[in-house]
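Heads up, the thing below is written out as structure tokens.
Bear in mind that the values in this text are calculations on the coordinates, not laboratory data. Everything numeric in this text was worked out from a predicted model, so none of it was measured. Quick reminder, even Gly has a Cβ in these numbers, built from the backbone with ideal geometry, and neighbours come from all protein chains shown.
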Amino acid sequence: MSNFLKDSLKNAPPYIPGEQLTGVIKLNTNESPYSPSPKAIAAIEKETNKLMRYPQVDANDTRKALARRLNIKPENVFVGNGSDEVLRLCFQAYLEFGSKAAWSTPTYSLYEILAGFAGAKIIDVRRRDDFTVDIEALAKAGADLTIIASPNSPTGTLTPLNEIDELASKVKLLLVDEAYADFAGITASKLIDKRKNLIVARSLSKSYSLAGLRVGFAVADNSIIDDFMLLKDSYNVSRIANAAAEAALDDTAYFETIRTRILSTRRRLEEGLSKRGWKVFESGANFVFAVPPDRDGGAVYKRLLEKKILVRWFGNDPRTAVGVRITVGTDEEISRLLEVIGE
Ligand SMILES: Cc1ncc(COP(=O)(O)O)c(C=O)c1O
């Protein structure tokens with residue numbers, strides 16, 4: 001760090017992403033194992049000779065495609081540089097130094113980092129032993145911004161819509177992080193007409209196989225969308241991203257094929273682990289959190305890596321250190337994982 005960094009950031013911890021190793025079976029960052037829609041790839045190729053021009057300032061083509069897909073109005077959609085941008089904008093827009101932000105761990109570690117940048121106070125209403133959220137306790141925290149990831153990472157836990165609705169009715173502002181919602185087939189976006197204090201953040205990274213493109217979006221009341229428009233980078237979604245996202249969103253057949261395949265492989269993974277004596281937590285996502293019989297997640301992580309299989313170990317929390325998070329890869333990748341685990 002330089003000496004110029006402002007004091008409030010001097011002790012801020014950095015976000016530590018999953019490792020981006022090559023030459024391994026990569027099951028650590030919840031990417032799709034399948035390539036993007038061929039229509040998205042064609043759209044990228046077609047866009048390349050227009051790159052001397054700036055992109056649409058509001059990513060309007062993607063906005064409209066999302067509105068068509070979700071059956072909502074474009075003015076209720078904001079398109080971001082990954083859903084991480086949506087999360088960042090929420091902290092920037094709604095929290096001042098000393099404001100309160102609440103969520104339930106274990107969950108996505110970026111929230112804590114963003115709270116550090118904003119100088120916000122964190123209230124952690126810990127998840128129960130089965131990783132479900134105590135909605136009432138979370139509401140009682142009285143935060144300026146309440147966040148719930150559903151399905152949650154790293155646990156896969158889905159929070160039912162009626163609980164999200166109840167939470168929204170009790171808190172000041174609720175952000176539902178739905179990066180994995182397409183795999184659960186359940187979304188809180190339909191509640192935005194009823195709940196004006198609800199922001200739903202979603203992603204094309206996982207279910208549309210576009211993690212490298214960086215496209216996420218928010219669904220919310222149009223007054224909240226206006227806040228994001230005010231704060232975002234001038235051209236936050238590139239021409240390539242806008243073109244590919246629109247094409248991918250319109251290719252519903254490809255989306256469904258990939259989604260169905262991932263869900264069926266997830267079932268095989270869950271059954272395979274259970275048969276080998278692992279405890280597998282119910283997942284609504286494209287990954288599972290699972291605990292080996294000896295409850296030593298770190299040892300499993302290391303053993304798998306020796307065999308060139310990379311999963312994610314969250315060793316910093318005793319509740320997650322006992323297991324590992326495994327992304328659903330292809331059928332062959334999961335067969336290999338199960339074979340190694342069986343050895
Ligand atoms: C819970 C959760 N939210 C948000 C994200 C960020 O996704 P994106 O690629 O859209 O920025 C992730 C990525 O792993 C995630 O796990």
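Determine the sum of side-chain charges near L89: Lys and Arg each +1, Asp and Glu each -1, restricted to other residues whose C-beta is under 12 angstrom from that of L89.
Net charge around L89: -3.
Evaluate 2.2 N^0.38 Å with N set to the residue count of the chain, then give the Cα radius of gyration divided by it.
Compared with the compact-globule rule of thumb, the chain sits at 0.99.
First select every other residue whose beta carbon is under 13 angstrom from the beta carbon of S35; then total the charges, Lys and Arg +1, Asp and Glu -1.
Computed value for this residue: 0.
Quote to one decimal, in nm, the extra length available between L231 and N49 on full extension: 0.36 nm per residue of separation minus the C-alpha distance between them.
Numbers: separation 182, 0.36 × 182 = 65.52 nm, distance 2.94 nm.
This chain segment gains 62.6 nm when fully extended.
Considering the dipole of the stretch 39-251 built from charges on the beta carbon (Lys and Arg +1, Asp and Glu -1) around the Cα centre, which of L249, A220, T146 is farthest to its positive end?
The listed residue farthest towards the positive side: L249.
Exposure proxy check: S335, S264, S238 ranked by fewest other beta carbons within 10 Å?
S264, S335, S238
Give me the net charge of A211's neighbourhood, meaning all other residues with Cβ under 12 Å from the Cβ of A211; Lys, Arg count +1, Asp, Glu -1.
+1
What spacing in nm lies between the two simple spin-label points modelled at A137 and Y15, each 7 Å away from Cα in the Cβ direction?
For A137 paired with Y15, the spin-label model returns 2.7 nm.
Please go through the stretch 1-62 and write out the trypsin sites (Lys or Arg not before Pro) that DSSP classes as loop and that have at most 15 other C-beta atoms within 10 Å.
In loop regions of the stretch 1-62 (DSSP not H, G, I, E or B), the sparsely surrounded trypsin sites (Lys or Arg not before Pro) are K6, K10, R53.
If each residue's Cβ is checked for other Cβ atoms within 10 Å, how do E270, E96, E19 rank with the fewest at the top? Please list the in-between numbers first.
Numbers: E270 19, E96 9, E19 12.
The order, fewest Cβ neighbours first, is E96, E19, E270.
What is the distance in Å between the Cα centroid of the stretch 274-313 and that of the stretch 144-213?
Between the Cα centre of the stretch 274-313 and that of the stretch 144-213, the gap is 25 Å.
Can you tell me the length gained on complete extension of the stretch K196 to I41, counting 0.36 nm per residue apart and subtracting the Cα distance?
Using 0.36 nm per residue and subtracting the Cα-Cα distance, I get 52.1 nm.
If you look at just the Cα atoms of the stretch 235-343, how large are its Rg and its Dmax in Å?
Final numbers for Rg and Dmax: 16.7, 51 Å.
Using the structure shown, list the pairs from K64/K190; K172/K196; K10/K172; K50/K206; K100/K232; K10/K232 with a Cα-Cα distance above 21 Å, or answer none.
The answer is K10/K172; K50/K206; K100/K232; K10/K232.
Choose one of S283, G185, I16: the residue whose Cα lies farthest towards the positive end of the charge dipole of the chain (beta-carbon charges +1 Lys, Arg; -1 Asp, Glu; about the Cα centre).
Of the listed residues, the answer is I16.
Based on other C-beta atoms within 10 Å, arrange M229, M1, M52 from fewest to most.
So the residues, fewest neighbours to most, are M52, M1, M229.
Can you give me the C-alpha center-to-center distance between the stretch 9-24 and the stretch 25-45, rounded to a whole angstrom?
22 Å
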